[in-house]
Amino acid sequence: HGQIGQVTAQGNIGGGMMTSQIVDISLLRMMASYGFVLVVLALIRLKRIGLGRDLVTAVIRMTVQLIVMAFILEMIFDMSLWYVVIAMEMAIFILASRIVLSRVKAKTRNLSRNILISLLLGAGSIMAFFIVIIVGPDPLYDPRYVIPLGGMIIGNSMNACAIAFERFHSLMKKDRKLILTLLSLGATSTEATSSQFKEALKAAFLPILITMTATGMVILPGMMTGQILSGTSPLTAVKYQIAIMMGITSSNALVAYLILYLENGEFFNNK
């Protein structure tokens with residue numbers, strides 16, 4: 001059995017202090033969590049889905065990336081330099097765009113550029129507003145706020161970007177004859193693809209809408225749960241969670257709209 005370390009944390013509830021013990025999961029107990037993967041592997045093998053190798057690769061990659069990121073964050077937190085934080089965020093944006101590009105099956109000529117622009121303008125603007133106006137840490141570039149909060153906004157926006165593009169590309173291919181007919185009747189490219197644009201935007205927005213509906217009653221999101229486990233007042237954790245959900249929702253909508261707007265022109269020539 002592994003030893004469990006405990007750290008005292010304090011939170012403020014209605015002017016009073018709340019003291020709690022943070023349970024530090026030992027290395028041995030953390031390793032036991034990999035047993036959950038064995039259940040998935042058993043199901044994959046039973047049904048012969050053929051994703052066993054992909055799952056193992058994903059688990060190993062996730063573990064290595066998280067460990068490396070932990071050391072990187074420790075260094076960034078210790079330095080607390082604004083230009084290091086900005087460089088880190090730009091690296092996250094570039095990496096996020098590459099991941100989205102690798103996950104979508106269809107490709108267009110300027111897709112890589114359009115994904116990066118959509119994330120920078122959509123998620124970037126929401127992230128900046130959230131940090132500066134909603135949270136307002138001192139200093140504003142405090143990496144303990146900027147990097148985790150920015151990561152949540154960018155991470156969710158990646159999903160919206162990928163879903164919007166995939167659905168739009170699929171609908172454009174499926175409705176090609178209809179779109180050509182509308183163009184021949186004098187419709188502009190925007191008018192001819194209006195239905196496909198709306199459908200793709202709706203598909204990208206649906207996951208976050210479902211999550212928002214279930215949050216609180218069915219789902220206790222990771223940010224709120226993490227703060228509560230660290231000893232933060234549930235009321236404070238709720239305020240952060242509501243604010244970040246609003247930011248994520250806006251970011252998803254903006255990023256999805258931008259990728260659809262930019263990609264719409266990729267399907268038409270200038271004639």
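The values are calculated or read from the model by the stated rules, or taken from the named source; none is laboratory data. Only a predicted model underlies this, so the values are computations on that prediction, with no experimental measurement involved. Because the Cβ atoms are built from the backbone with ideal geometry, glycine has one as well, and the counts that use them run over all protein chains shown. In case anyone asks, the SASA skips ligands and DNA or RNA and just uses the protein heavy atoms, side chains included. Shrake-Rupley method; radii C 1.70, N 1.55, O 1.52, S 1.80 Å.
Observations on the model:
- Subset tally (residues that are assigned to a loop (DSSP other than H, G, I, E, B) and either modelled with pLDDT of 95 or more or surrounded by 14 or more Cβ atoms within 10 Å (Cβ to Cβ) (or both)) for the range 118-147: 4
- Within the range 100-116, if we keep just the residues that are open to solvent by less than 60 Å² (accessible area, probe 1.4 Å), part of a helix (DSSP H, G or I) and in contact (Cβ under 8 Å) with a residue 40 or more places away in the chain, the residue that is nearest to M152 (Cα to Cα) turns out to be V100.
- Within the range 227-271, the set of residues being among the small types (G, A, S) and over 16 Å from G155 (Cβ atoms) comprises S230, G231, S233, A237, A243, G265.
- Within the range 46-63, one or more residues are in a helix (DSSP H, G or I), surrounded by 12 or more Cβ atoms within 10 Å (Cβ to Cβ) and either touching a strand residue (DSSP E or B) at 6+ places or on another chain (Cβ under 8 Å) or in contact (Cβ under 8 Å) with a residue 24 or more places away in the chain (or both).
- The set of residues in the range 206-264 being of a type in the set (V, I, T) and open to solvent by 60 Å² or more (accessible area, probe 1.4 Å) consists of I210, T213, V218, I219, I228, I242.
- Boolean, S97 is touching a Pro at 6+ places or on another chain (Cβ under 7 Å) and either open to solvent by less than 60 Å² (accessible area, probe 1.4 Å) or aliphatic (A, V, I, L, M) (or both): no
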